[in-house]
Amino acid sequence: MTTRPPARVGDPVAAVDTPALLVDLDALERNLQKMAAFASKAGVRLRPHAKTHKCPPIALRQIALGAVGVCCQKVSEAEAMAAGGIGDILVSNEIVGEAKVARLAALARQVRVTVLADHPDMVAAYGAAARRFGAELAVLVELRSGAVRAGVDPGPAALDLARRIVAEPALHFAGLQAYQGGAQHIRDFAERREASERWIAAVAATKTLLAENGLSCELVTGAGTGTHAFEGRSGVFNEIQPGSYAVMDADYGLNRDSEGGFVADFENSLFILTTVMSRNFADFAVVDAGVKAGNIDQAMPTVWERPGLTYVSAADEHGAIKVATGGNAPHLGEKLRLVPGHCDPTINLHDWIVGVRHGTVEAVWPVAARGAVL
């Protein structure tokens, strides 16, 4: 069941019911413009990851600024994006199961669909479904970047799988998926760059191996918010897939820049608006945003522009705010903005995103792909 919107267009921010997701539209637009400018200058295609916002109006804004399409993680997420007007979708995941593969092939009759493979059985299933629906599926070989992740190892294993894709008449071998998830949140700048450079070298070697065996690798895609600057300028990648840059979160704020300070490439544009619902003690306040309003798997939310206030713990429906001695203590009923700890799963907890500008609600967008896990 979709909940009622927490606000109406034209409302002051003070009238927004809580807990609610706010997007500062000015900051959002600056973030989108900055990444689009980077991609243009670097000469790479920009394909933002829609699993961050799950919201077609934001995806359409990214495309209007030059993005070629979006990434999604699940077929249901891709279906929501297609219904919202997105015509080029990369499902940056392996899809397993007859029902899901059939839906993927059917979707390829409506929009351009690319998907990942890391096993010959997937290639056979994709090919059979594409023939059944009279569709063409573009398929990327996913390279495993380390740790416990999907994909095949760079090198001969990737070549073997690419050959199997080429042999399927209803499939198009589109290149390599080379997202290095583990590098995105390496805090130290030099260590993050070194990890990215090692990965770029492995991807380049695989691309060369494919070429030496007569396979054109038209697309090398990957990179995220944490590594886009390295891989986007590498000359090896020709498409990047950042997602969190649009809204940012407290966890990404812990990454360091080349000078040792906190990374400030992009702004926090996403907030959880929450109300102080209990204020009986001097050293803490209780707010109405707990784990059902904001994900805390990677970092705790932070209190926006309120020195002396620290979000320290979360229950189902409540959050505890520690008030430092002499801090700017909140009062009962006051509304605070929290920077989410982890933006993607936080957005997935909400039915609506409230877009605000200069203190007024300008847009109320449904999170169309909320809960899209099939």
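The values are calculated or read from the model by the stated rules, or taken from the named source; none is laboratory data. Keep in mind it's a predicted model, so treat the numbers as computed, not measured. Note that each Cβ is placed from the backbone with ideal geometry, even for glycine, and that neighbours are counted across all protein chains shown.
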Original post:
Mind checking which residues of region 156-199 are without any contact (Cβ under 8 Å) to a residue 40 or more places away in the chain and closer than 30 Å to Ala125 by Cα?
Top reply: Ala157, Asp160, Ala167, His172, Gly182
Original post:
Here is a list of conditions, (1) surrounded by fewer than 15 Cβ atoms within 10 Å (Cβ to Cβ); (2) touching a residue at least 12 places away in the same chain (Cβ under 8 Å), and Phe281 meets all of them except one; can you say which number that is?
Top reply: (2)
Subject >> region 89-113, subset in contact (Cβ under 8 Å) with a residue 12 or more places away in the chain and assigned to a loop (DSSP other than H, G, I, E, B), residue nearest to Lys51 (Cα to Cα) >> reply: Ile95
Original post:
For Thr325, all conditions in the list (1) farther than 27 Å from Gly181 by Cβ; (2) in contact with a Gly (Cβ under 6 Å, 6 or more places away or on another chain) hold save one; what is the number of the exception?
Top reply: (2)
Original post:
Here are some residues: Ile58, Ile63, Ile86. Which one is at pLDDT 95 or above, touching a strand residue (DSSP E or B) at 6+ places or on another chain (Cβ under 9 Å) and farther than 24 Å from Glu267 by Cβ?
Top reply: Ile86
Original post:
Could you say whether any residue in region 145-153 is surrounded by fewer than 23 Cβ atoms within 10 Å (Cβ to Cβ), in the same structural domain as Ala211 (by TED's automatic domain parsing), more than 23 Å from the chain's Cα centre (by Cα) and of a type in the set (Lys, Arg)?
Top reply: no
Original post:
Residue check, Asn31 against (1) part of a helix (DSSP H, G or I); (2) more than 16 Å from the chain's Cα centre (by Cα); (3) crowded, with 19+ Cβ neighbours inside 10 Å, all met but one. Which one?
Top reply: (2)
Subject >> Residue identified as more than 14 Å from the chain's Cα centre (by Cα), of a type in the set (Val, Ile, Thr) and part of a helix (DSSP H, G or I) among Ile86, Ile63, Ile58 >> reply: Ile63
Subject >> Any hit, region 215-223, residues being surrounded by fewer than 20 Cβ atoms within 10 Å (Cβ to Cβ) and farther than 28 Å from Lys34 by Cβ >> reply: yes
Original post:
Is it true that some residue in region 198-218 is of a type in the set (Ser, Thr, Tyr), at pLDDT below 95 and part of a loop (DSSP other than H, G, I, E, B)?
Top reply: yes
Subject >> Matching option when the condition is under 25 Å from the mean Cα position of the chain (by Cα), outside any loop (DSSP other than H, G, I, E, B) and either surrounded by 15 or more Cβ atoms within 10 Å (Cβ to Cβ) or touching a residue at least 24 places away in the same chain (Cβ under 8 Å) (or both), among Gly341, Gly290, Gly294, Gly355 >> reply: Gly355
Subject >> Tally, over region 34-51, of residues that are under 25 Å from Thr360 (Cβ atoms) and either outside the structural domain of Asn93 (by TED's automatic domain parsing) or part of a loop (DSSP other than H, G, I, E, B) (or both) >> reply: 0
Original post:
Taking region 176-191 as the region of interest, how many residues are of a type outside the set (A, V, I, L, M), within 19 Å of Leu143 (Cβ to Cβ) and either surrounded by fewer than 23 Cβ atoms within 10 Å (Cβ to Cβ) or not assigned by TED's automatic domain parsing to the domain that holds Ala135 (or both)?
Top reply: 3
